[in-house]
1. Return the distance in nm (one decimal) between the two label points of a simple spin-label model at LEU75 and ALA132, each offset 7 Å from Cα along Cα→Cβ.
2. Could you name the lysines whose alpha carbon sits less than 23 Å from that of LYS65, not counting residues in the same chain fewer than 8 places away?
3. Under 10 Å, Cα contacts only: if you run a Gaussian network model on the chain, which one of LEU151, LEU373, LEU216 comes out with the highest mean-square fluctuation?
4. Where in the stretch 33-71 is the amide nitrogen less than 15 Å from a point lying 7 Å along the Cα-to-Cβ axis of THR119?
5. Could you give the angle, 0 to 90 degrees to the nearest 10, between helix 373-384's Cα long axis and the longest principal axis of the Cα atoms of the chain?
6. With each pseudo-label sitting 7 Å past Cα toward Cβ, what's the GLN344-SER43 distance in nm, one decimal?
7. If the label point is 7 Å along Cα→Cβ of LEU7, which residues in the stretch 88-113 have backbone nitrogen under 18 Å from it?
8. So, for the chain, what is the accessible surface per residue at a probe of 1.4 Å, expressed in square angstrom?
Amino acid sequence: MTHEVPLIATGGRHFPPLPASAQAAILLPTARWTPMARSVIASLIGTANEETVVLVADNSETPEKREFLERIRALNPYIFAIAHQKNVGGAGNLSYLFEWCGDLPYCAMMADDDWMSPTYHTDAFELLRGDAKLSCAEVGSTFVDIGDGKLVNVSQAAMQGATPAERLPTWRPEVARATMYNASRRGALNHALQFLAATPLHGLTLAEDLWELNRLALGDFVSLPGPGCLVHYPANGSQNGDGTQRFYELICKGVGLQFSFVYFTALSTAVQCALFLGGSHSPIADPLQRAVCAQQVFAKIYAAGFLPMVSAESSHAAARMLFAEHPRALAGYLKFCAPPYSLQPVFAADVVCWFIELIEVFEDKTPPAPERLSRRFAHFVDGLMPGLLNADGDC
């Protein structure tokens with residue numbers, strides 16, 4: 001058996017074959033070449049086996065790291081690895097990994113700066129195998145280090161019910177999105193991955209939330225006690241400020257949005273999660289369930305994620321200055337960020353139109369109008385939920 005780590009050309013979709021015995025994959029997207037990254041990768045030598053493979057996709061463009069991965073494969077050939085010739089970005093790297101494991105029943109994700117005990121995922125895979133009602137599971141505990149050296153247990157409580165609408169009330173979007181690292185059925189992520197590939201704009205925790213919502217649309221999540229644990233160290237800038245600059249560079253800068261849009265990225269997530277569950281990419285078949293769940297999720301994310309960023313009096317004063325030359329955007333801000341709307345947020349065309357107006361205010365005006373981000377997003381919305389906007393896909 002060769003221990004080679006293939007070098008994948010930019011945009012290439014060559015996937016090294018996996019053994020027929022493989023049932024589950026632990027996915028490790030990595031770009032760092034640090035002692036911590038080496039330690040995390042090496043720790044998986046004791047986890048990978050003929051049933052649970054580890055798939056590593058390296059974005060570092062570092063020859064020494066590729067050689068390191070080949071040495072790791074020599075120790076455990078059930079750790080499979082590739083190296084991208086050029087950095088394809090975090091989303092591209094993750095997309096590659098999910099496509100690579102697309103034929104396996106189960107998968108889970110690991111970060112190259114986190115820590116996991118050997119049985120954390122394998123115990124959860126075993127639980128999934130034994131209960132067809134489950135789409136996602138945790139056996140053990142999940143902790144987050146928020147930057148002050150204290151570990152906070154963020155294990156999500158069980159989310160169970162006969163329908164998606166019964167499972168969603170206990171979903172907590174304000175909790176650190178560590179459930180993205182839990183073991184799940186691979187097929188319970190397909191709709192979320194399709195949505196992420198189609199949307200022209202991401203949002204704060206959008207990918208994590210979509211993964212969770214896709215799972216909950218299709219089955220239960222359970223969390224059981226066990227010896228395993230995962231420690232998540234979010235690189236969110238909390239040690240050096242509020243992380244706003246990092247969020248801007250991750251979400252806004254590459255699509256041509258001005259810095260101030262970063263304060264509306266949680267709104268982007270609220271709108272798009274409602275579009276996901278209520279629209280044509282939804283994993284929910286029943287139209288009534290779609291509508292109910294879209295409203296549930298929008299209200300939760302809007303209240304817990306977006307409003308705390310914009311509801312203070314100082315924020316209102318800043319908004320008046322920011323939107324001084326944009327009266328429609330200001331009118332929307334004053335309507336949607338204050339009572340009575342803020343007390344009971346409702347997903348409807350008017351709030352989507354305000355969000356599109358915000359994109360238009362902050363977008364790069366260089367491209368011709370039909371190619372601007374605001375127009376592309378409006379067409380995206382119209383494709384997901386025809387009739388939500390007007391007949392021309394406008395507000």
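1. Using points 7 Å along Cα→Cβ, the separation is 4.1 nm.
2. LYS86
3. It is LEU151.
4. What the label zone holds, given the 15 Å backbone N cut-off, is 47.
5. 80 degrees
6. Result: 4.8 nm between the two label points.
7. Residues passing the 18 Å test: 88-89.
8. Spelled out: the 1.4 Å probe surface of the chain, per residue, equals 42 Å².
The values are calculated or read from the model by the stated rules, or taken from the named source; none is laboratory data. Note that the structure is predicted; figures quoted are calculated from it, not measured. Positions of Cβ are generated from backbone atoms using ideal geometry, with glycine treated the same way; all protein chains shown enter the neighbour counts. These accessible areas exclude ligands, DNA and RNA; they are computed on the full protein's heavy atoms, side chains included. Shrake-Rupley method; radii C 1.70, N 1.55, O 1.52, S 1.80 Å.
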